[in-house]
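Undergrad: Mind looking over this structure? Questions follow.
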Amino acid sequence: MRQVAIAGIGKTRFGALAEETILSLAAEASSKCLKNAGVSPDQVEAFFLGNFAGPSFVGQNHLAPYVASEVGITGVPATRFEAACASSGAAFHHAWAAVAAGLYDTVLVTGVEKMTSQPTPRVAEILAGAGDSQSEVRAGATFPALFAMIARRHMHQYGTTREQLAAVAVKNHANGALNPDAHMRKTITVEQALNGKPVAEPLTVYDCSLVSDGAAAVLLTTIERARDMAARPVLVRAVAQTSDHLALDRKADITTFPALRLAAAQAYRMAGVTPADIDFAEVHDCFTIAEIIAIEDLGFAAKGEGGPFSAAGCTGLRGTKPVNTSGGLKSKGHPVGATGVAQICDLVQQIRGEAGGRQLERRRTGLAQNLGGSGATCVVTIVSEA
Amino acid sequence: MKQGTVYTETVIHSAPEQFVHEAPYQIAIVTHDDGSRATVRIRGEAVHIGDRVEFIEAREGVLYYRKVQ
């Protein structure tokens, strides 16, 4: 297999962007990415688009050629990937595999979601489409409800507290306040988080990620070609994508994500590293409990210790294992189809030293973890300085 | 009547469009005595992890359970 590098990145800002369309967002991120790499549209050999629910959110299907042609890419494969909130993580995985295998030399991967044109109950219903429609969704479950049930069980088995969940939200908002592209650039207190409006008990609005519009893009090519391009390349050392049952009630233990543990084990093996070698990470904090479980399943903290690890500040900007320096899905925002690729962009910004006020000193090797649904898809990526 | 134990639960305040008129409502994952699991709707008194619950009825594909008194 060939060594693959990220040769360019492009992001829109995240937020409730009433003036933007799914097309304008995806085209902006894609064009910025090509410009960042110094590559023209006719050099792109395939276009992979991550998008969860464009047809439901904005009534547009056949999205990949729709976006590709807008940025001047025609005559090549243009394909949409759907894997719930891991849609662009899945697109990234398949683009990496295609370049590594020698099928294409240069692939553009873009993720996009335009969510805020729908009212909240309709958004909840569309997102619930990533759950099992014959069981949990029929019973009235929303995604906050599924993660609330995970949180309840984690609290029951390990003594995780609401204060520890709140610590995750407070930390991610503090980081997001330093990110000019973030959806919600404001700090919050533990008291605010604890007293937020209930969404699905024990989760309040402060435990939930944001409903956002936004897009992100990365250009993948071989390490040799990337060295001749405009931006400093970042080496993709491992990408692993795994799957599991959709329904939560099909899992023996819901306090862990088996797909995440499997993807992490595969990625660590592929990269030849251990959790201790990871300098920083972007994890899928769709809900505060998801970040706590992610840092356990990735091996940053022992099982059941994710809450105390977070509350002790270990995952903060100055902690031993900085997590979600971008602000995470909680504060940066979560345009679901864009999230997987946006996480990769955040890793690249840190490694290049372009992270501004949230810049880390120790930033050689970063990990991204992107989760679909309540764990039915997981993608883990490890990147390093080239 | 089919019985089981509450494995986990939540009370939903922010409901999807089709259930907005029913909120707040409680759902739970129940572990039946034969080991099988189901995601169900709770009627009546709120339940907690470890509570015993029993099947009441199935309506439009939704399983309704209540706390065993």
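The values are calculated or read from the model by the stated rules, or taken from the named source; none is laboratory data. These numbers come from a predicted model, not from an experiment. Note that each Cβ is placed from the backbone with ideal geometry, even for glycine, and that neighbours are counted across all protein chains shown.
Undergrad: I'm trying to understand the selection: among the residues of the stretch A:312-348, which are out of contact with any helix residue (DSSP H, G or I) (no Cβ under 8 Å at 6 or more places or on another chain) and either within 20 Å of A:Asp277 (Cβ to Cβ) or free of Cβ contacts under 8 Å to residues at least 40 places away in the same chain (or both)?
TA: A:Ala312, A:Cys314, A:Arg318, A:Gly319, A:Thr320, A:Pro322, A:Asp346, A:Leu347, A:Val348
Undergrad: Something else now. With the requirement that a residue be within 24 Å of A:Arg352 (Cβ to Cβ) and part of a helix (DSSP H, G or I), what does the stretch A:259-293 give you?
TA: Residues satisfying the conditions are A:Ala267, A:Tyr268, A:Met270, A:Ala271, A:Pro275, A:Ala276, A:Asp277.
Undergrad: How many of the residues making up the stretch A:242-293 are among the aliphatic types (A, V, I, L, M), touching a strand residue (DSSP E or B) at 6+ places or on another chain (Cβ under 8 Å) and within 14 Å of another protein chain (Cβ to nearest Cβ)?
TA: So the answer is 4.
Undergrad: If you scan the stretch B:32-62, which residues turn out to be touching a strand residue (DSSP E or B) at 6+ places or on another chain (Cβ under 6 Å) and at the interface with chain A (Cβ under 9 Å from one of its Cβ atoms)?
TA: Once the filter is applied, which keeps residues that are touching a strand residue (DSSP E or B) at 6+ places or on another chain (Cβ under 6 Å) and at the interface with chain A (Cβ under 9 Å from one of its Cβ atoms), the stretch B:32-62 yields B:Arg37, B:Ala38, B:Thr39, B:Val40, B:Arg41, B:Ile49, B:Val62.
Undergrad: Pairs needed: first member in the stretch A:85-112, surrounded by fewer than 24 Cβ atoms within 10 Å (Cβ to Cβ) and part of a helix (DSSP H, G or I); second member anywhere, modelled with pLDDT of 95 or more and of a type in the set (Phe, Trp, Tyr); C-beta distance under 7 Å; at least 6 residues apart or different chains.
TA: A:His94/A:Phe48; A:His94/A:Phe81; A:Ala98/A:Tyr104
Undergrad: May I ask you to list the residues in the stretch A:157-172 that are within 15 Å of A:Gln192 (Cα to Cα) and not aliphatic (A, V, I, L, M)?
TA: Across the stretch A:157-172, the qualifying residues are A:Arg162, A:Glu163, A:Gln164, A:Lys171, A:Asn172.
Undergrad: Taking the stretch B:1-30, which residues are assigned to a strand (DSSP E or B) and more than 9 Å from every other protein chain (Cβ to nearest Cβ)?
TA: Across the stretch B:1-30, the qualifying residues are B:Gln3, B:Gly4, B:Thr5, B:Val6.
Undergrad: Also, quick follow-up: Of the conditions (1) facing chain A (nearest Cβ under 8 Å); (2) not in a strand (DSSP E or B), B:Gln69 satisfies every one except a single condition; which number is it?
TA: For B:Gln69, the failing item is (1).
Undergrad: Taking the stretch A:126-142 only, how many residues are under 10 Å from B:Thr39 (Cα atoms), among the acidic types (Asp, Glu) and more than 7 Å from every other protein chain (Cβ to nearest Cβ)?
TA: 0
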